[in-house]
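These notes are about the structure you will find just below.
The values are calculated or read from the model by the stated rules, or taken from the named source; none is laboratory data. Predicted model, so just to flag it, every value in this text is computed and none were measured. Every residue, glycine among them, receives a Cβ derived from its backbone with ideal geometry; neighbour counts consider all protein chains shown.
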Amino acid sequence: MSEGSLHRPLPVDAVPGWDIETDVAVIGFGASGACAALEAARGGARVTLFEMASGSGGASALSGGEIYIGGGTDVQRAAGFDDSIEALATYLKLAGGPDADVAKCDLYAAQSLDHFEWLKAQGVPYKGTFVPGKIIEPATDDTLIWSGSEEAWPYSEAAAPAPRGHVIQWEGWGGGRKLVDILERNVREAGVDVRTDARVLSLIADGARVAGLVVRIDNRLVHVRAGAVVICTGGFCMNTDMLRRYAPGALKLTDPIGENDNGSGILMGMSAGGDAIHMDEFFTTCPWIMPESLVKGIFVNSRGQRFINEDCYHGRVSRTMIDQPGDRVWLLVDNAIFARPIDLARIDIASVGETWEEVERDLGLPEDTLSATVRTFNRYAAEGHDPVCRKAAKWLKVLDEPPYAALELGFPGSYFSFFTLGGLSTAPSGEVLDRAGVPVSGLFAAGRATSGLPRSGHGYSSGMSLADCTFFGRKAGQAAAVAARAVVREEIVAA
Ligand SMILES: Cc1cc2nc3c(=O)[nH]c(=O)nc-3n(C[C@H](O)[C@H](O)[C@H](O)COP(=O)(O)OP(=O)(O)OC[C@H]3O[C@@H](n4cnc5c(N)ncnc54)[C@H](O)[C@@H]3O)c2cc1C
């Protein structure tokens, strides 16, 4: 057997012969794999990149190409926003949840401005213009948007708010393809040997050290000897078995987004002793904030109770919806703010009434639940505050203009796109760590195959995943090149 499996590395003794020898082998040609390959090649390593699809892309190419960057970029300053490394670091740590990766947050905040310059130096264009308001992605080719919960409680109290969603210049949604195309051009110019239609089946282990890969190319098993391996295979939102086992909360949802998010890289990393952490975490969102007037509505659960300040990032609000009892929540709006949500969201009108009591009855809720919630909200909103959920004053509107409506967001039913955030435990250098926190020799990882900067679905902000993929992909590539050189040195000494 010269194959190994996702769950068991092939021992080096069982390798029938080496078909490819390289310093650094990168698995996956999305944003993280591209950045890892590029920096490893620029670090002087011979790099071979293996991608199971017929070309580059992954989820990265489907994305909006929006990257969470701050600390006072030229774009932020031109739009009149002050930002600082401290504010960015504080926000990232709060967004990362109770076990935020403090070292990664601090490093990313400290080098975020440099990273922005690096992206520009690769040829990623930024128009430099800001679009105000709550949007998912710009419909235009503008660059800077509010992409998180910066202005909402509790974030607004912890860190000075600034918009940090930096979007590649691209007309409309979906600039990710352009981002990956630009990275691919650089990867090829740097001399990386790119192998597509090449599915990695298993790692090869030389004792405790990862020493290569088994790859299926043209229906043939290819044995690759590598000084270091970088896993950049994305998450596991498309692997139902892994969702059942590790992230059952996501089984409420039916719209995974990605390309080949099959979890294979995470499993391979675990097979070599790598730890996988925060595997239950996932990002989800239903695009309920469009049109923006809906943000002035209030959400209630199946008990008629509110559960969040609705002015948070739409993903944070959506993720909190999934925690609620039952299989639906309702967005309550009055005639003044009513608007039909965008079709993509698959949000229906569940009830319309002349009074909130009528809506409550119509939804089958016990008397004085939903109506009491609205009464309490309206009482404080009239005073200009929201002591229950702390929605900011500018989004408060007394819901007192009939008719009243309850818009229903169901799971499944409505469009809750999701992808996973858990993955291999890595150091900021990209080294994969075992359960004792010790690096697995020869093994690196980046992007959604890891638990990185965006660690918590409740704290996720748009742009955090690509920030993590591009920045820590670079770090992993740099460190892998150094590790591969050390292996070559050892082999020379041994000879
Ligand atoms: C519609 C959409 C919009 C989004 N918008 C944004 C946004 O604007 N900003 C943001 O930060 N995030 C966004 N995201 C999330 C973000 O795009 C992803 O989390 C991120 O791109 C993941 O990058 P990656 O490099 O880890 O994985 P990917 O880009 O998915 O790349 C992984 C690659 O590995 C390959 N692969 C997998 N297994 C193997 C194997 N065994 N052998 C060989 N190859 C393999 C896959 O084919 C794939 O090409 C969006 C996602 C989607 C789907």
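Show me the strands (runs of 3 or more DSSP E) entirely contained within the stretch 370-465 in which 1 or more residues are closer than 30 Å to V102 by Cα.
Per the criteria, 417-420, 431-433, 439-445.
Tell me, please, whether a residue that is at pLDDT below 95 and either assigned to a helix (DSSP H, G or I) or surrounded by fewer than 18 Cβ atoms within 10 Å (Cβ to Cβ) (or both) can be found in the stretch 220-233.
no
Could you grab me the full set of residues in the stretch 292-334 that are closer than 19 Å to T376 by Cβ, part of a loop (DSSP other than H, G, I, E, B), in contact (Cβ under 8 Å) with a residue 40 or more places away in the chain and within 25 Å of the chain's Cα centre (by Cα)?
F307, I308, N309, E310, D311
Report whether or not R199 is away from the ligand (no atom under 14 Å from the Cβ) and basic (K, R).
When the stated conditions are applied, R199 does not pass them.
Step by step: first the residues of the stretch 335-363, then only those that are outside any helix (DSSP H, G or I) and over 37 Å from the mean Cα position of the chain (by Cα), then the one that is surrounded by the most Cβ atoms within 10 Å (Cβ to Cβ). Which residue is that?
Step by step, filter the stretch 335-363, then rank; the result is G353.
Mind counting the residues in the stretch 99-120 that are within 18 Å of E66 (Cα to Cα) and of a type in the set (D, E)?
2
Return the total of residues in the stretch 157-180 being surrounded by fewer than 18 Cβ atoms within 10 Å (Cβ to Cβ) and in contact with a Ser or Thr (Cβ under 8 Å, 6 or more places away or on another chain).
Of the residues in the stretch 157-180, 5 are surrounded by fewer than 18 Cβ atoms within 10 Å (Cβ to Cβ) and in contact with a Ser or Thr (Cβ under 8 Å, 6 or more places away or on another chain).
Residues of the stretch 364-388 being surrounded by fewer than 17 Cβ atoms within 10 Å (Cβ to Cβ) and of a type in the set (D, E), which ones?
E367, D368, E383
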